[in-house]
Amino acid sequence: MRDLASATGLSVSGLYHHVPGKSQLLHQLQEDAFRRLLRPLSSLPPSMTPEEKLGLLIHNHVSFFAHHITEMKVLAHESDALGGELGRKMHARRRRYYRLCLRIVSDILRKSRRVDIDARVCTMTLFGMINWIYTWYRPAWHGDPDTVARQMAEIFLRGIRRDRRRVIKRG
């Protein structure tokens, strides 16, 4: 809180005038992030294909992360730090986002008749791919967030191989 007060030019007591405590500050940060992540996805037109919906989700996620790297570090490392009612609210918000993504991924798998891939594993793989962008993304090296989001959507939906030969054998 001292670092934050210093960065904002407030005294610690002045900061506590605006924010009652660390938990409330973390909650506000998480609430704002999930509101911005969910807003563009809350009313997807039925005419959009599941692939288009996933492309929008990835674009929105990557763009938000790329423009809010510091916030995303806090979200990634402090996602379970809230307890009590604030923690329950944020858990519900995260679950809503997860379920939206799971529904889109499930639709893609169903449409492509991929019964050999578990939708939950696929969804968590996607989150693993898009959530860690804050650890490596540098605009000067990787391009603008739109370009990175398009590449990530392509990799996730189509892979990096052109042929369809199976790479990993089971058992």
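The values are calculated or read from the model by the stated rules, or taken from the named source; none is laboratory data. Model, not experiment: these values are computed from the prediction. No Cβ is skipped: glycine too gets one built from the backbone with ideal geometry, and neighbour counts run over all protein chains shown.
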Over the stretch 105-145, the set of residues closer than 12 Å to residue 66 by Cα, under 15 Å from the mean Cα position of the chain (by Cα) and not hydrophobic (A, V, I, L, M, F, W, C) is 131, 134, 135, 137, 145
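Being of a type in the set (D, E, K, R), assigned to a helix (DSSP H, G or I) and under 20 Å from residue 52 (Cβ atoms) narrows it down to one of 114, 99, so name that one. Write out each step before concluding.
On the way: 114 fails: assigned to a helix (DSSP H, G or I).
None of the others qualify; the one that does is 99.
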Restricting attention to the stretch 117-143, which residues are outside any helix (DSSP H, G or I) and farther than 18 Å from residue 37 by Cβ?
117, 118, 138, 143
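Of all residues in the stretch 76-106 being of a type in the set (A, V, I, L, M) and under 21 Å from residue 148 (Cα atoms), which is surrounded by the fewest Cβ atoms within 10 Å (Cβ to Cβ)?
Filtering the stretch 76-106 for residues of a type in the set (A, V, I, L, M) gives 76, 81-82, 86, 90, 92, 100, 102, 104-105.
Narrowing further to those that are under 21 Å from residue 148 (Cα atoms): 76, 104-105.
On the way: 76: 13, 104: 25, 105: 25.
Looking at the filtered set, the residue picked out is 76.
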Qualifying residues in the stretch 107-138 (those that are surrounded by fewer than 17 Cβ atoms within 10 Å (Cβ to Cβ) and touching a Cys at 6+ places or on another chain (Cβ under 9 Å)) - the one modelled with the highest pLDDT:
127
Pairs please, first residue from the stretch 118-136 and over 16 Å from residue 63 (Cβ atoms), second anywhere and among the polar types (S, T, N, Q) and in a helix (DSSP H, G or I), Cβ atoms under 6 Å, 6+ apart in sequence or on different chains.
119/106
Does the stretch 30-47 include one or more residues that are free of Cβ contacts under 8 Å to residues at least 12 places away in the same chain and surrounded by 15 or more Cβ atoms within 10 Å (Cβ to Cβ)?
no
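Could you run through the stretch 61-82 and say how many residues are in contact (Cβ under 8 Å) with a residue 24 or more places away in the chain and assigned to a helix (DSSP H, G or I)? I'd like the intermediate steps shown before the answer.
Of all residues in the stretch 61-82, those in contact (Cβ under 8 Å) with a residue 24 or more places away in the chain come to 61-69, 71-76, 78-79, 81-82.
Next cut, assigned to a helix (DSSP H, G or I) only: 61-67, 69, 71-76, 78.
Selection size over the stretch 61-82: 15.
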